[in-house]
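The values are calculated or read from the model by the stated rules, or taken from the named source; none is laboratory data. Please read all numbers here as calculations on a predicted model, not as lab measurements. Positions of Cβ are backbone-derived with ideal geometry, glycine not excepted, and every protein chain shown enters the neighbour counts. With ligands, DNA and RNA removed, areas are computed over all heavy atoms of the protein, side chains included. Shrake-Rupley method; radii C 1.70, N 1.55, O 1.52, S 1.80 Å.
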Amino acid sequence: MNKVRLSKSCLGSEEKDAVTRVLDAEFLGMGKEVQKFETELQAYIGTKKDVICVNTGTAAIHLAALAIDLGPGDEVLIPTITYLASFQAISATGAKPVAVDVLQDSLFIDLTDAEKRITKRTKAILPVHYASDSSRMDAVYSFAEKHNLRVIEDAAHSFGSTRNGQKIGCEGDILCFSFDGIKNITSGEGGAVVTSDKLVAQRIRDARLLGVENDTEKRFSGQRSWDFDTTRQGYRYHMSNIMAAIGSAQLAKIDRFGAKRQELVACYRSKLQACSALEILNLDFENIVSHIFVVKILTGSRDRLRGEMLEKGIESGIHYKPNHLLSLYHSDYPLKTAEKVYDQILSLPLHPDLRIADAEMISDFIMGRVR
């Protein structure tokens, strides 16, 4: 049986050649390849904002949070349906991630519920571009302005997407991308922070290199700092030349990757929209490059369907278990929408190597089994 994978890295000779080039140069750490990738990302996004690459998307959020001085006693509003990394990155600063309910139709953060979670300790809000959609961000920024909050956008899903006619990264306070193995582009692992706040950008540059001040410039010229100072806690979060070289090769393919993802999503939507037993999320599909494609199974048969799909060789996923149900982040209040949709959501296979014929087969199988 040929297994249809839920997600996968989509690589070719270009990535292999890029890695070989770095290996041949015998400079594997952070250097000119990282500088080149940051410049290419800035050009692709079409921004003059600072772009700082790190080793994971989680590190990007962690360093962004530290750069705005989040710490013990502070609170950050986060939608409960997101990957654990969003919560872990905030709690790693000593601040408290506060779980917020989601909108039923999109699983985006519910600002009406967020209003209930505001306290005098709330310092920031971390909206997640769930399933790549950030079309409701204008309302988040109005909310943040009203409550004097910083905004860190978890844009792990949405690289290559657009908002208000511009690439994600052009607008906003602080945005954090992920380039792990199954994202819209990958650098193996990796992430990036995009911001116009110069102080935040410099703090992140230093912090990714163990807090060594102004070491980035040295690394990009093939040197390192020997006589240096540090005044803030740092981490070994820098991106390597190997990762950046893979990322550059992937970035050259983003338009093709994005078009294929949109084509697959259009196929799913066309085939499944008439099925009354499921619901497609209400997202801005015309302007997003979907990292995941999520439907809601309305008949209480999600888990049975998953099992039957797996017997057929079709992988599926559940993005994600609400964080307020986890022991570490358990809340003393219910989040009813999130708890309801958690039992319904089902992620279907989506990656550039998936064939349209596969998406059609998966859709037909679901429509024949869901009841």
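A single member of S106, S86, S91, S135 is more than 25 Å from N282 (Cα to Cα) and not aromatic (F, W, Y), and it is S91. Among the residues of region 318-371, the one identified as more than 19 Å from L281 (Cβ to Cβ), of a type in the set (K, R) and modelled with pLDDT of 95 or more is R355.
Residues of region 154-172 that are part of a loop (DSSP other than H, G, I, E, B) and surrounded by 21 or more Cβ atoms within 10 Å (Cβ to Cβ): A155, A156, H157, S158, F159, G160, S161, I168, G169, G172. Is it the case that some residue within region 265-275 is open to solvent by 10 Å² or more (accessible area, probe 1.4 Å) and within 27 Å of L11 (Cβ to Cβ)? Yes, region 265-275 contains at least one residue that is open to solvent by 10 Å² or more (accessible area, probe 1.4 Å) and within 27 Å of L11 (Cβ to Cβ). Can you go through G313, G300 and tell me which one is on the phi > 0 side of the Ramachandran plot and open to solvent by 50 Å² or more (accessible area, probe 1.4 Å)? Just one listed residue meets the conditions, G300.
Within region 226-268, restricting attention to residues that are hydrophobic (A, V, I, L, M, F, W, C) and assigned to a loop (DSSP other than H, G, I, E, B), which residue is farthest from G29 (Cα to Cα)? Selected residue: A252. For region 141-153, filtered to residues that are open to solvent by less than 10 Å² (accessible area, probe 1.4 Å) and assigned to a strand (DSSP E or B), the residue that is nearest to V295 (Cα to Cα) is E153. Show the residue pairs meeting these rules: Cβ distance below 7 Å; 6+ apart or different chains; first residue within region 1-24 and farther than 16 Å from K36 by Cβ; second residue open to solvent by 70 Å² or more (accessible area, probe 1.4 Å) and of a type outside the set (S, T, N, Q). Listed by first residue and then by second, the contacts come to K8/D353; C10/D353. Just checking, how many residues over region 15-42 are surrounded by 15 or more Cβ atoms within 10 Å (Cβ to Cβ) and either assigned to a helix (DSSP H, G or I) or basic (K, R) (or both)? The number of residues fulfilling the criteria is 14. All of K296, K271 fail the test of being assigned to a strand (DSSP E or B) and either among the small types (G, A, S) or under 27 Å from H129 (Cβ atoms) (or both), apart from K296. Could you tell me whether any residue of region 312-319 is among the acidic types (D, E) and more than 19 Å from S7 (Cβ to Cβ)? No - not one qualifying residue is present in region 312-319. Among the residues of region 173-219, those identified as surrounded by fewer than 22 Cβ atoms within 10 Å (Cβ to Cβ) and on the phi > 0 side of the Ramachandran plot are G188, L210, G211, N214. Based on this model, can you work out whether E308 counts as over 26 Å from M361 (Cβ atoms), in a helix (DSSP H, G or I) and touching a residue at least 12 places away in the same chain (Cβ under 8 Å)? No: the conditions fail for E308.
Residue-by-condition table, conditions (1) within 17 Å of the chain's Cα centre (by Cα); (2) assigned to a loop (DSSP other than H, G, I, E, B); (3) over 22 Å from A67 (Cβ atoms); (4) in contact (Cβ under 8 Å) with a residue 40 or more places away in the chain:
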{"site": "G94", "(1), (2), (3), (4)": "no, yes, no, no"}
{"site": "A99", "(1), (2), (3), (4)": "no, no, yes, yes"}
{"site": "Q104", "(1), (2), (3), (4)": "no, yes, yes, yes"}
{"site": "L107", "(1), (2), (3), (4)": "yes, yes, yes, yes"}
{"site": "A114", "(1), (2), (3), (4)": "no, no, yes, no"}
{"site": "K123", "(1), (2), (3), (4)": "no, no, no, yes"}
{"site": "A131", "(1), (2), (3), (4)": "yes, no, yes, yes"}
{"site": "S135", "(1), (2), (3), (4)": "yes, yes, yes, yes"}
{"site": "A139", "(1), (2), (3), (4)": "no, no, yes, no"}
